[in-house]
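Right, one structure below, let's go through it.
The values are calculated or read from the model by the stated rules, or taken from the named source; none is laboratory data. Here the structure is a predicted model, which means the values were calculated and not measured. In this analysis, Cβ positions are derived from the backbone assuming ideal geometry, glycine residues included, and neighbour counts consider all displayed protein chains.
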Amino acid sequence: MVFTRGYLQSVQKVAEILKLFASWSGLNANFEKSEAYFGGVNSALKQHILNAIGLKEGSFPFRYLGLPIHPSRLTSTMYDPIVQKVQHLVCSCAVKFLAYAGKTEVLNSMVFGLENFWCGSLLLPQNVCAIITKLRKQLFWGYQEGQRKLVFKDWASISSPWSEGGFQIKNLAIWNQANMLKWLWHFVHGCGSIWTDWIRHDFLANTSIWDLQIHEYHSESLRNVLTTREIWVIHCGSRQKAMDMLDTCTTKGKFSIGKAYNFLRPRFPTHACYRAVQDPFLLSRHKFTLMLALQRKLATADQFCRRGISIVNRCCLCKQHAESPRHLFFQCTYSKAVLSSLFTWMGLQLRDLQLRSLILWCHRSKPKKHWRNKWFKCSIAAVTYYLWRERNYRLFEDKERQASVSVFYFYTNHLLLHMMKY
Ligand SMILES: [Zn+2]
């Protein structure tokens, strides 16, 4: 992309330089594939320039490096490419049948990669963020447009880290604001891009970025940075605090988007149980079921009854008692039999068979990093996962295994999965 002033002489000079470059290097600019875009040039002069250099006129908006370019404010429809790409991922068959662990990987790698490219350059409008967040929810919870699904964990808590009971999926709107704060930091400290240096010298010669008022004649990018500055000041409480906090979002002399995101995101109470689930020794698929079981957010029959949905509340494993997370983990005779067999194999004798107590016992046992404690913790996580799977087999596929068969299945799969991981 080449920029010139809106005069014929300036454009002719650039055309001459391109010809000179071609004569030296042999690299010719393809004028048939090139277009000229004008801003603030009258139609007579525009036509004169086009005739002189032999280019056709292009129309706004056009895309450069995948991002929309427009001389005035970008409208919501100009963000359609990113919405369509996320929609394409959500609708792909390969993603539909993944477990929560796999879907989180897709959200944090493929979808986040797409969004991050746009978030680094543009402040996405609220309605675009809402549409993409809706698509992310569809992907994670596994429902289609127009359908509804009853879920027991809200999206805000899912976006929090493991230690706060979430699944570490980034909040798009807040991540976008943290990215925009990077530009504000560059304006304050300099040493950024050519663009920030140019704005600093031309617009901010005698004033600070904190004092610059938002004007209609400012470019979309500058308006985005100034809008984020307002959000940051409101979040921090005052301008002085905002300036101090921005300075703390630094790692080794560079702006840390992660630190800014952590400061902006909502906080949820931490719990030792949740910190225990954070252990990388646990398999991802086990982590998700364990976290939902600890928070009593699994879709058990008692949850549906509490919301007024009429279903038969009977445990599929023992077929005697009402189903609830407390009963499944581990008051049920079936789950007790599986857990007792596991404890016998491990040489343990524990009386308190509540899931939270067991996980806390593993987490607090010393020495913390001893392989035995880690092994106990991941075994309890695996039992929780296999019991939930057995419950779903019985409920949705009308298949069932005896506790002894289930124990054998658990040992072989559990050991094999960990051998594959380490
Ligand atoms: Zn039961």
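Count, please, the residues in segment 122-173 that happen to be of a type in the set (Val, Ile, Thr) and either in contact with a Ser or Thr (Cβ under 8 Å, 6 or more places away or on another chain) or over 27 Å from Met78 (Cα atoms) (or both).
Going through segment 122-173 one residue at a time, the tally reaches 4.
Determine, yes or no, whether Gly40 is out of contact with any helix residue (DSSP H, G or I) (no Cβ under 6 Å at 6 or more places or on another chain) and at positive phi. Answer is yes for this residue. Scanning segment 353-377 for residues that are polar (S, T, N, Q) and outside any helix (DSSP H, G or I) returns Gln354, Ser365. Contact map, segment 57-72: residues that are closer than 24 Å to Leu45 by Cβ paired with residues that are of a type in the set (Asp, Glu), Cβ distance under 6 Å, separation 6+ or inter-chain. Pairs shown: Gly58/Glu35. The helices (runs of 4 or more DSSP H) found entirely in segment 164-255 that carry 3 or more residues being over 23 Å from Gln126 (Cβ atoms) and at pLDDT below 85 are 194-202. Being polar (S, T, N, Q), surrounded by fewer than 20 Cβ atoms within 10 Å (Cβ to Cβ) and in contact with a Cys (Cβ under 7 Å, 6 or more places away or on another chain), is that true of even one residue in segment 231-254? No.
Only one of Ile359, Ile309 is within 22 Å of His271 (Cβ to Cβ), under 34 Å from the mean Cα position of the chain (by Cα) and in the same structural domain as Arg401 (by TED's automatic domain parsing); which?
From the options Ile359, Ile309, the qualifying one is Ile359.
For segment 265-281, a tally of residues being surrounded by 16 or more Cβ atoms within 10 Å (Cβ to Cβ) and of a type in the set (Val, Ile, Thr) returns 1. In this structure, does Lys319 turn out to be assigned by TED's automatic domain parsing to the domain that holds Glu390, within 16 Å of the ligand (Cβ to nearest atom), of a type in the set (D, E, K, R) and touching a Leu at 6+ places or on another chain (Cβ under 7 Å)? Answer is no for this residue. Candidates His186, His235, His215: the one that is over 30 Å from Ala301 (Cα atoms) and touching a residue at least 60 places away in the same chain (Cβ under 8 Å) is His186.
Taking the numbered list (1) more than 15 Å from the ligand (Cβ to nearest atom); (2) under 34 Å from the mean Cα position of the chain (by Cα) in turn, Phe329 passes all entries but (1). For segment 332-356, the candidate set comprises residues that are surrounded by 16 or more Cβ atoms within 10 Å (Cβ to Cβ) and closer than 21 Å to Arg296 by Cβ; within that set, the residue that is farthest from the ligand (Cβ to nearest atom) is Arg356. How many residues, within segment 359-379, are over 13 Å from Arg275 (Cβ atoms) and either surrounded by fewer than 19 Cβ atoms within 10 Å (Cβ to Cβ) or in contact with a Lys or Arg (Cβ under 9 Å, 6 or more places away or on another chain) (or both)? Going through segment 359-379 one residue at a time, the tally reaches 11. Scanning segment 1-56 for residues that are among the aromatic types (Phe, Trp, Tyr), within 19 Å of Pro71 (Cβ to Cβ) and surrounded by 12 or more Cβ atoms within 10 Å (Cβ to Cβ) yields Tyr7, Tyr37, Phe38. Condition (residue is modelled with pLDDT of 90 or more and exposed (fewer than 14 other Cβ atoms within 10 Å of the Cβ)) applied to segment 286-299: is it met by at least one residue? For segment 286-299, residues modelled with pLDDT of 90 or more and exposed (fewer than 14 other Cβ atoms within 10 Å of the Cβ): absent.
What about Gln138, is it within 26 Å of Leu292 (Cα to Cα) and not β-branched (Val, Ile, Thr)? For Gln138, the condition - within 26 Å of Leu292 (Cα to Cα) and not β-branched (Val, Ile, Thr) - is met. Where helices (runs of 4 or more DSSP H) sit wholly within segment 261-316, those with at least 2 residues that are free of Cβ contacts under 8 Å to residues at least 24 places away in the same chain and within 16 Å of the ligand (Cβ to nearest atom) occupy 301-306. Taking into account only those residues within segment 317-352 that are basic (Lys, Arg) and part of a helix (DSSP H, G or I), which is modelled with the highest pLDDT? The qualifying residue modelled with the highest pLDDT is Arg326.
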